1. Please determine, by comparing only the residues of the range 17-30 that are over 22 Å from residue 167 (Cβ atoms) and in contact (Cβ under 8 Å) with a residue 40 or more places away in the chain, which one is farthest from the chain's Cα centre (by Cα).
2. Looking for whichever is closer than 28 Å to residue 96 by Cα and under 18 Å from the mean Cα position of the chain (by Cα) here; the options are 112, 128. Which one fits?
3. Of the conditions (1) under 23 Å from residue 167 (Cβ atoms); (2) touching a helix residue (DSSP H, G or I) at 6+ places or on another chain (Cβ under 9 Å); (3) surrounded by 19 or more Cβ atoms within 10 Å (Cβ to Cβ), residue 14 satisfies every one except a single condition; which number is it?
4. Based on what the data block shows, is residue 72 surrounded by 13 or more Cβ atoms within 10 Å (Cβ to Cβ), in contact (Cβ under 8 Å) with a residue 12 or more places away in the chain and in contact with a helix residue (DSSP H, G or I) (Cβ under 9 Å, 6 or more places away or on another chain)?
5. Using the structure shown, decide if residue 82 is under 17 Å from the mean Cα position of the chain (by Cα), under 15 Å from residue 17 (Cβ atoms) and surrounded by 16 or more Cβ atoms within 10 Å (Cβ to Cβ).
6. For a quick check of your reading: which helices (runs of 4 or more DSSP H) sit entirely within the range 99-186 and have at least 1 residues that are modelled with pLDDT of 95 or more, surrounded by fewer than 15 Cβ atoms within 10 Å (Cβ to Cβ) and touching a helix residue (DSSP H, G or I) at 6+ places or on another chain (Cβ under 8 Å)?
7. Report, by residue number, each residue of the range 17-45 that is assigned to a helix (DSSP H, G or I), at pLDDT 90 or above and in contact with a helix residue (DSSP H, G or I) (Cβ under 8 Å, 6 or more places away or on another chain).
8. Looking at (1) buried (at least 18 other Cβ atoms within 10 Å of the Cβ); (2) out of contact with any strand residue (DSSP E or B) (no Cβ under 7 Å at 6 or more places or on another chain); (3) modelled with pLDDT of 95 or more, which is the one condition that is false for residue 67?
């Protein structure tokens, strides 16, 4: 199973990706987690990413595409994977299509989670307090949600047109949301 999990920040993509990864026995690959790990450990990649994330900006495509391609080529991803937080714009869709063609591993489905703006803001504020994430300031959150609406949300139409999109309400009990996703995926 090769899945994308998409939706605005705070909708529960990471939570559902982890649950689905366990359910299907495949890795959940989060570009955000990869960048946060590198930031925490002050690696060259992390310091470069920090220049963007601290301002609420997204890490440039070239850097993101490279880490995704490298990660999808790893041994544990050969049987499938769940990508969380990628692609986030039309250029990255093209890059992902090229990567998957090169690897000979077509995409199966795209799970799109959604929730009202107020719910997202509450969840992100709670996450910031619990995890102390420097990238979850109110200003950064607002900027990322606006960027998602402008650049990433339109990608759902691409996957809908390809017959790969599965839309799921991201509000409710975590296990019920997971069950709904698994049921729709079959």
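1. 25
2. Exactly one residue qualifies, and that residue is 112.
3. (3) is the only condition that residue 14 fails.
4. yes
5. Spelling it out, residue 82 is indeed under 17 Å from the mean Cα position of the chain (by Cα), under 15 Å from residue 17 (Cβ atoms) and surrounded by 16 or more Cβ atoms within 10 Å (Cβ to Cβ).
6. In the range 99-186, 174-185 are the helices (runs of 4 or more DSSP H) which contain 1 or more residues that are modelled with pLDDT of 95 or more, surrounded by fewer than 15 Cβ atoms within 10 Å (Cβ to Cβ) and touching a helix residue (DSSP H, G or I) at 6+ places or on another chain (Cβ under 8 Å).
7. 19, 20, 23
8. Just one mismatch for residue 67, condition (3).
The values are calculated or read from the model by the stated rules, or taken from the named source; none is laboratory data. On a predicted model such as this, the values are computed, not experimentally measured, just so you know. Cβ atoms come from the backbone with ideal geometry, glycine included; neighbour counts cover every protein chain shown.
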